[in-house]
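The values are calculated or read from the model by the stated rules, or taken from the named source; none is laboratory data. Computed from a prediction, not measured in an experiment: that's the story for all the values here. FYI the Cβ positions are ideal-geometry reconstructions off the backbone, even for glycines, and counts take in every protein chain you see. Just so you know, the surface numbers come from the protein's heavy atoms only, side chains and all, with ligands and any DNA or RNA stripped out. Shrake-Rupley method; radii C 1.70, N 1.55, O 1.52, S 1.80 Å.
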Amino acid sequence: MRFAILFGVALIALAMASRADAQAARTVWDLPIGEHATLLPTETFIDFACGTNGGPPSALIADWSEFRRCRAEAPTGFYEVYFRYDDEAEMRARARFFDAATTIIDRSTAAYDVPVIVSALFDGDGFLVGYRIVSDPRVEVAVRELGSALAGSLRARYGEERFVCMDLPASEGETPYQGVFVKRQCIRQGAGNDLTLLLEARHLRKRGQVAAQAQEGPTEGQFESSTYFQAVLARPILDKERRLAALPERSITDREALVERAKNCPACDLRDANLKRANLAGAKLAGADLTGANLHGAILAGADLTGAKLERANLNRADVKRAKLAGAVLVGAMLFETRFDAADFTGARLDRALAGRVQMIGANLTDASLVQIDLRAGRLNNANFTRADLSGSRFDDAQLTRSVLAGARLIEVSGWRAGMVGVDLRQADARGADLFGANLRDADLSGADFSYARLTTAILSAAKVVGTKFTQAQLPAGFRPN
């Protein structure tokens, strides 16, 4: 019941975020066929790369205009550019409503609730002549099963009765999956602006993907349920020469100027600045005021943010590895899936930050304040939390293997099922902590205070408990402190 409620709340949150961002969000259907690459919108599209015929990305590129860095397809001569839809709204919702026990499919790039791989097709002169939409096979099994269902939604979108369809014969070894065999190809000529549409659906097991094997038992995930859709312009681009000659010269945008300024801007006023996905690696921003700034997906690896103000800033999915954040203030910041490996947070304040799935491997958080921070499902191995204050924090399902929490305040924390093997908790104040099911094997709890703590089903084998207080604590069955 708890899982169902949380899952429902999370989905509602994602839906609300999507509606709130509906006017700004764009999809592959908003790309105007026949437009030149340099004039296509880029604001709400991300992760541009060379495409692989509807498959995963290959070489990264900056945007549509770099299509020529990709290899032309044979025999069409098209250049395929892979891209994704902007995920900021979804990540904000996940940060606010995250639950470590709930899995939510990444829906930022999807069609009719089916995760997809999308790509744009350009001719040799850079004009958009088509696009591809392919069900994403990289998702979990239960979602991948829906891949073939996408074909029905696409046929309905473009007029189901106007497609000419044929069932293709099964190849050697192909068999039904879950009692259903689909191998169908549909074509429609003259759709929309003279588009030729190709739609293929598969729902089957290939040769070797048998339902059960003698030694291993039933197979899991060995099937194909997919949709491949392609729309290509069936007529030539008109007035090519004139339009190419009229293309405006490239000029520096206001955003590009802002990003350039932020690369060397100590003590600058950058409150509410839009630095989303900016490359600020090694930036000099000591003492800068970035309160409320949007740094979603930004690269800040090795940046100097010593003493910087980052209250309520959005750093979801940012790369902040090896950055200097000593004395920085990140109160109420969004740090969902942010990478802080080997970063220095000495004396920093991260109270009430939303840091689900954060990665802080080897980070230094000595004397930091992390009161009521959300660290659920975080990767915090080998981190140094010496004397840090984590009172009221949540790190359920987090991994803290070999981390140092000596002298730390862990009053009334929640660390359900946390991996704390070999953790140094000497002299820590963990009164009222809820470590239900946590793995504290080989941990050093010497001199720590676990009074009133809940350690039910926790693993305490080989843990050092010299001078440890367990006053009225709930201990694992059979555990007898010295």
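Numbers below:
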quantity: Residue count, region 1-49 (criterion: of a type in the set (A, V, I, L, M, F, W, C) and at pLDDT 85 or above); calculated: 11
quantity: Of all residues in region 52-65 being of a type outside the set (D, E, K, R) and within 19 Å of Asp87 (Cβ to Cβ), the one that is farthest from the chain's Cα centre (by Cα); calculated: Trp64
quantity: Some residue of region 318-341 being farther than 20 Å from Asp289 by Cβ, in contact with a helix residue (DSSP H, G or I) (Cβ under 8 Å, 6 or more places away or on another chain) and in contact (Cβ under 8 Å) with a residue 60 or more places away in the chain; calculated: yes
quantity: All positions within region 59-70 that are more than 16 Å from Phe127 (Cα to Cα) and open to solvent by 60 Å² or more (accessible area, probe 1.4 Å); calculated: Leu60, Ala62
quantity: Output for region 390-406, where each listed residue is touching a Lys or Arg at 6+ places or on another chain (Cβ under 7 Å) and open to solvent by less than 30 Å² (accessible area, probe 1.4 Å); calculated: Leu390, Ser391, Phe395, Asp396, Ala398, Ala406
quantity: Some residue of region 277-285 being in contact with a Pro (Cβ under 9 Å, 6 or more places away or on another chain) and open to solvent by 30 Å² or more (accessible area, probe 1.4 Å); calculated: yes
quantity: Selected residue [surrounded by fewer than 14 Cβ atoms within 10 Å (Cβ to Cβ), more than 29 Å from Tyr79 (Cβ to Cβ) and either touching a Gly at 6+ places or on another chain (Cβ under 6 Å) or of a type outside the set (Lys, Arg) (or both)] from Asp113, Asp99; calculated: Asp113
quantity: Among the residues listed as Ser451, Ser461, Ser446, the single one being out of contact with any Ser or Thr (no Cβ under 9 Å at 6 or more places or on another chain) and either open to solvent by less than 10 Å² (accessible area, probe 1.4 Å) or assigned to a loop (DSSP other than H, G, I, E, B) (or both); calculated: Ser461
quantity: Condition met for Val129 (buried (at least 16 other Cβ atoms within 10 Å of the Cβ), in contact (Cβ under 8 Å) with a residue 12 or more places away in the chain and touching a helix residue (DSSP H, G or I) at 6+ places or on another chain (Cβ under 6 Å)); calculated: no
quantity: Filter pass, Phe122 being at pLDDT 90 or above, closer than 21 Å to Thr338 by Cα and crowded, with 20+ Cβ neighbours inside 10 Å; calculated: no
quantity: Residues satisfying the stated conditions in region 332-375, i.e. over 15 Å from Asp319 (Cα atoms), open to solvent by 20 Å² or more (accessible area, probe 1.4 Å) and within 17 Å of the chain's Cα centre (by Cα); calculated: Leu354
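Here's the yes/no breakdown for (1) among the β-branched types (Val, Ile, Thr); (2) in contact (Cβ under 8 Å) with a residue 60 or more places away in the chain:
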| residue | (1), (2) |
| --- | --- |
| Val371 | yes, no |
| Ala377 | no, yes |
| Ala383 | no, no |
| Phe450 | no, no |
